[in-house]
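The values are calculated or read from the model by the stated rules, or taken from the named source; none is laboratory data. The structure displayed is predicted, hence computed values, not measured ones. For neighbour counting, all protein chains shown are included, and Cβ atoms are generated from backbone atoms with ideal geometry for every residue, glycine included. Protein only, heavy atoms only, side chains kept; ligands, DNA and RNA dropped before computing areas. Shrake-Rupley method; radii C 1.70, N 1.55, O 1.52, S 1.80 Å.
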Amino acid sequence: MILVQAPVFNVQLLLDGLFIGATFALAAYGLALVWGVMNVKNLAQGDFVIMGGYIAWWLGTQGIHPLWGLPVAIVVMFAFGWGIYVTIIRRVIDKDLFTSLLATFGLAIVIAQLLNLMFGPEVQTAESDFAIRQILGVVTVAEIKVLAFVLCGLLALAVVIFMKKSRMGQAIRATAQDARAARVMGIDTDKVYAFTFSLNAAICGAAGAMISMIWVIQPFYGISYSIRSFVIVTAAGFGNLPGVIMAGLGLGMMENYSGFVLGAEFQQATVVGLLLLVLVWRQIQQRKLRQVVS
Amino acid sequence: MKARLTTAVMASAVALGVALATPASAKVEGDTIILGSAISFTGKYSTNGIHAKNGYELGVKKINEAGGVTVGGKKYKLKVQYYDDESTPLRTAQLLERLVNQDGVKYFLGPYSSATTKAAAPIMEKYKVPMVEAEGASRSLFNKGYKYLFAVLSTSEQYLASSIALAAEIAEKNGKKASDVKVAMAFENDPFSLDVRAGVLEDMEKYGMKAVIDDKMPRDLNDISATLTKVKALKPDLLVLSGHSKGAATAARQIKELQIDTPMIAMTHCEAAKITSKFGEATNDILCPTQWAETLSYKDDLFGTAADYDKLFKATYEGYKNVPYQSAQATAAVQVWADAFERANSFDVEKVRDAIAATDMQTFYGAVKFSEAGNNIAKPMVLRQIQNGEYNVVAPSKWASHPVNWPRKAPSN
């Protein structure tokens with residue numbers, strides 16, 4: 001109703017949705033990578049995000065601008081990811097689905113509790129102190145959100161170019177296609193896995209650093225980002241980067257619209273409901289293609 | 001066969017437990033009365049759990065320094081035996097059973113949070129041992145007919161109700177009808193916040209006010225910009241929010257970001273979320289309810305005034321810039337125990353329980369008098385307004401130290 005009478009509020013909702021959707025897309029892209037290449041469904045995805053957020057926030061409390069937290073979070077989380085791969089993921093990667101789910105779920109709990117022990121359970125926010133602009137009369141845009149949006153785009157672009165052009169990128173793609181064949185061709189798949197997992201952690205760290213500046217972080221918030229990442233990847237499919245980005249942005253906007261129209265209590269329910277519809281629709285679509293093999 | 005063996009083992013374990021349980025008189029070792037508490041030192045409630053523990057300890061220390069508690073002509077010291085419930089209600093219940101059955105404790109101080117207190121109350125009923133709690137405000141604790149649970153704090157439905165009365169008062173002063181006030185509500189979907197909402201709704205009904213927005217935020221939601229965009233569109237006269245510290249932090253940040261210009265905003269947990277230091281001027285003129293403030297003119301013989309308590313607390317514990325009300329009410333709970341022991345003049349659990357039920361005392365934390373249901377009906381919630389970064393009491397008018405600023409200045413750059 002109001003949206004029709006005062007269309008300017010659509011702009012606010014769309015912008016807020018886009019800005020936040022970009023960080024969702026980033027975290028989901030990391031998940032798609034790990035899922036696609038290693039077939040590990042990382043339930044600690046959201047906790048990696050929150051860790052990145054705490055890195056930026058902590059730097060902020062030390063008097064360093066939280067934006068510097070972005071590169072720091074990328075480096076620290078890359079190293080952290082490598083450590084986790086060597087100690088945990090390597091041991092579960094060729095086990096069945098439940099082993100890797102359990103391992104990463106355990107990891108999620110440990111990370112959340114460690115953050116809680118180190119920083120306490122309070123909600124934290126990193127302050128960028130950038131201006132808030134007003135456009136079209138009532139629409140407000142925080143500069144930090146625009147900046148975060150642009151940075152997300154740049155990071156995604158950097159990852160795409162890396163995957164296309166670099167030797168490691170090619171090795172990752174080869175391993176994703178057929179790990180055994182890649183090994184035969186002389187690719188050190190263990191190293192590829194380690195690198196992929198660390199890259200994912202670094203991407204999450206970057207997303208988290210931005211989230212701490214535009215939203216709030218708390219040790220136990222990881223799960224909601226894990227869920228969002230899974231929703232996005234499930235909807236888009238993990239080989240499909242443009243799909244992940246579109247789904248991420250779409251999810252951000254959907255959340256905002258359903259929050260506005262139906263109330264905050266339906267914000268996430270709508271998103272998960274939508275996922276169900278997508279899955280049902282896919283199922284119907286694929287049934288047509290399915291053939292009986294005799 | 002195996003099942004029968006298990007049953008036999010369990011039966012003997014139960015029998016042993018019963019045999020080990022100390023007689024109903026109590027847990028008094030020499031000249032020390034032991035109070036028991038399972039409270040959160042780790043987990044999500046740990047910050048406030050430790051605030052509460054500090055409050056208990058200060059109460060115990062001060063009472064002991066003043067000579068202790070006189071029962072039957074003899075002086076006794078107080079001591080609290082703690083266990084860490086890890087912020088999980090299940091652990092709270094287990095540990096309280098342990099305190100009763102293995103440690104023989106019969107007098108209890110509460111855990112931190114409504115959720116853990118909810119787990120504690122049935123244990124107290126089961127063993128018929130009294131608990132004076134200071135940190136569980138949910139009204140669902142006081143409509144179950146519990147006879148052994150007493151709370152010194154105001155219950156949660158009173159938290160924001162006073163903001164409705166204030167809005168009505170202001171509307172009438174401006175020549176408008178109270179029933180014209182449009183209210184926007186955003187509450188987290190958890191027992192505590194829904195209690196707060198119920199209280200607000202009750203008072204709105206009394207004035208005939210309308211809710212233009214009534215959103216419930218999910219527990220893990222950290223974005224309320226959609227709700228706030230609605231606030232911008234519908235222009236309510238009053239915005240009330242409650243969602244623990246994370247709700248307050250999220251709301252304060254996004255109220256600033258979206259430049260919400262509602263003339264009156266009230267929310268819970270401002271202090272816990274440290275919104276003044278994080279979001280500065282943008283939080284000016286926001287109203288925050290509190291159980292207690294050091295500027296109130298409450299006083300007693302032990303601690304003196306609220307301000308004296310504030311000073312003593314800061315001198316005793318390092319690292320406090322403000323004394324959390326969680327600590328003050330914890331101290332008051334210990335005072336209730338001391339007072340009840342002296343009036344009962346006995347360690348008999350039933351006599352002490354009846355003495356607690358008959359409590360009618362003044363403390364630095366406010367008056368304490370329990371209803372039949374066990375909640376404190378003598379102390380009001382006060383409403384403070386953030387004025388230039390300071391929290392000043394503005395309502396109810398009996399305790400107000402500063403006039404209320406209205407309309408609120410919208411945050412700008």
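So here's what we get for this one:
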item	result
Sequence-separation-based contact order of chain B, relative, with Cα cut under 8 Å and 6+ spacing, percent	18
Diffusion constant of segment B:280-400 at 37 °C, which comes from Stokes-Einstein with the Kirkwood Cα-pair radius and 0.692 mPa s, µm²/s	209
Selected from B:P218, B:P191, B:P324 as most flexible by GNM, with chain B as the system and alpha-carbon contacts under 10 Å	B:P218
Per residue accessible area of segment A:193-246, 1.4 Å probe, in Å²	22
Accessible solvent surface per residue of chain B, calculated while the other protein chains remain in place, 1.4 angstrom probe, Å²	40
Size of electric dipole in chain A: Cβ of Lys, Arg +1 and of Asp, Glu -1, about Cα centre, debye, nearest 20	1200
Dimensions (Å) - segment A:176-294, Cα atoms, principal axes, largest first	54, 44, 23
In order through segment B:233-242: 3J(HN,Hα) via Karplus (6.51 cos²θ - 1.76 cosθ + 1.60), integer Hz, x for Gly, Pro	6, 9, 6, x, 8, 9, 10, 10, 9, 8
Residues losing 10 Å² or more accessible surface upon assembly, segment A:265-282, compared with the chain by itself, 1.4 Å	A:E265, A:Q267, A:Q268
Diffusion coefficient, µm² s⁻¹, Stokes-Einstein with Kirkwood Rh over alpha-carbon pairs of segment B:103-143 at 25 °C and 0.890 mPa s	237
Farthest toward positive dipole pole in chain B [+1 Lys/Arg, -1 Asp/Glu at C-beta], among B:P396, B:L194, B:L166	B:L194
Efficiency of FRET between B:E202 and A:M246 - r from beta-carbon atoms, R0 41 angstrom, step 0.05	0.30
Rounded, prolate or oblate (a/c below 1.5 giving rounded, otherwise prolate when a/b exceeds b/c) for segment B:142-193 by Cα gyration tensor	prolate
Surface share of carbon and sulfur [accessible, 1.4 angstrom probe, percent] for chain A	70
In segment B:338-399, trypsin sites (Lys or Arg not before Pro) in a DSSP loop with at most 12 other beta-carbon atoms within 10 Å	B:K398
nm² value of the averaged projected area, convex hull over the Cα atoms of segment B:191-254	4.4
DSSP loop trypsin sites (Lys or Arg not before Pro) with at most 13 other Cβ within 10 Å: longest gap in chain A	A:96-289
Percent of Cα pairs exceeding the 30 Å cut-off, where the set is chain B	44
Neighbour cut-off at most 13 other Cβ (10 Å), DSSP loop, GluC sites (Glu not before Pro), segment B:288-392	B:E318, B:E372
Protein heavy-atom accessible area occluded, B/A pair - total, 1.4 Å probe, Å²	3300
Shielded residues, segment A:107-151 - accessible-area loss of 40 Å² or more between chain alone and all protein chains, probe 1.4 Å	A:P121, A:E122, A:V123, A:T125, A:E127, A:I132, A:T140
Fraction of accessible area attributable to carbon and sulfur, segment B:95-152 (%, probe 1.4 Å)	48
Kirkwood-type radius of the protein assembly as shown, with distances r between different C-alpha atoms, in Å	27.8
Debye intensity ratio I(q)/I(0), log10, segment B:28-169, q values 0.12, 0.15, 0.21 Å⁻¹ (C-alpha model)	-0.52, -0.76, -1.27
Gain in span if fully extended, A:L101 to A:I135, counting 0.36 nm per residue against the direct Cα distance	7.7 nm
Calculated FRET efficiency for the pair A:V8/B:M361, C-beta based, R₀ 35 Å, to 0.05	0.05
Two-site FRET efficiency, A:V75 against B:E29, from Cβ-Cβ distance with R₀ of 51 Å, rounded to 0.05	0.35
Buried on assembly, segment B:223-243 (at least 20 Å² less accessible surface than by itself, 1.4 Å probe)	B:D223, B:S225, B:A226, B:T229, B:K230, B:K232, B:A233, B:L234
Average silhouette area of segment A:2-289, convex hull of alpha-carbon atoms, in square nanometres	16.8
Table column - 3J(HN,Hα) (Hz), segment B:98-109, Karplus curve with 6.51, -1.76, 1.60, x for Gly and Pro	5, 4, 6, 7, 8, 8, x, 6, 10, 10, 10, 10
Set of lysines near A:K191 by C-alpha distance (under 20 Å), chain-local residues within fewer than 8 positions excluded	A:K41, A:K95, A:K164, A:K165
